[in-house]
Each structure stands twice: as C-alpha cells, then as structure tokens.
Amino acid sequence: MGCSDAFTHKECIMSNPAESQARRRFLKIAAAGAVAAPFAAVVLPKIGRAAELPHLDPNEPTAKALAYTHDATTAKGNPAFKPGADCANCTFFQGKAGDEWGPCMLFPGKSVHAKGWCASHNFKPASG
C-alpha cells in the first residue's frame, strides 16, 4: 500500500504502520541503551582487573621458559638478570605504580608479582 500524491511526505510516513513500528523500536532500544550506559560504566572497568586475574604459576611452561619468579632476588644467578630489575620497572608490566600484582603482556590473562622477574625483562624508559 503506497501513499498517493495527495499526501505530503510527512503524512505518508506518519500513516505507514511499518515505519511507525520501526521508529518505536528504535526509541525503545535507545532508551534501554541510555539506562544501561551508566551501569556498564561502573561494572565493565571492574572486569579484568589484575587483582582479579589469576596469578601466574612459575611452573607454567611459558613462565618456566622465561625463568619467571615471584621474587626477583632469587634470579640473581640468571645471566640475563640485571641489578634492580623487577616486573614493576619492566615495559611489559601493565600494573599501576604501587600495585602488588599486575597484568603482563608476556603472560596474557595472568598477573605477575611487581617484585617478580623473568628473562624478558626490559627496563621502562626513564621518565622526566
């Protein structure tokens, strides 16, 4: 069923039930999105925080391959170890300053100890 030439474009749109239903559906979805946005802003940042990530087990294959340890002082015998090196000052560590545990780009989905160390340690550039 089409609109005749006697109707203006606006009258034609207003009289078309399919377009009217699509408009209502859009408005319902937009309203639901407006209600859900503040909730998502509070909940989503909490998902995936390092404190909630499982701690890396030093016996996992990748951890073993990179000689990961939760305590950098135990890595002093490793030829790749440099004095002062630990996860907190490594470019791969994604935790914030002061975090005890944080995500590491080398161990996706796991958190490493800030005072830990692995053979892939790379000092963060000096800031300032």
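The values are calculated or read from the model by the stated rules, or taken from the named source; none is laboratory data. Note that the coordinates shown come from a computational prediction; the quantities given were computed from them, not determined experimentally. Because the Cβ atoms are built from the backbone with ideal geometry, glycine has one as well, and the counts that use them run over all protein chains shown.
Numbers at a glance
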item	result
Any chance ALA6 is in contact with a strand residue (DSSP E or B) (Cβ under 8 Å, 6 or more places away or on another chain) and at pLDDT below 60	no
Lone qualifier among ALA88, ALA97 - being in a loop (DSSP other than H, G, I, E, B) and at negative phi	ALA97
Residue count for region 42-69, restricted to those that are at pLDDT 65 or above, of a type outside the set (Lys, Arg) and either farther than 30 Å from TRP117 by Cα or not in a loop (DSSP other than H, G, I, E, B) (or both)	7
Residues that are buried (at least 20 other Cβ atoms within 10 Å of the Cβ), of a type in the set (A, V, I, L, M) and in contact (Cβ under 8 Å) with a residue 40 or more places away in the chain, drawn from region 67-103	ALA72, ALA75
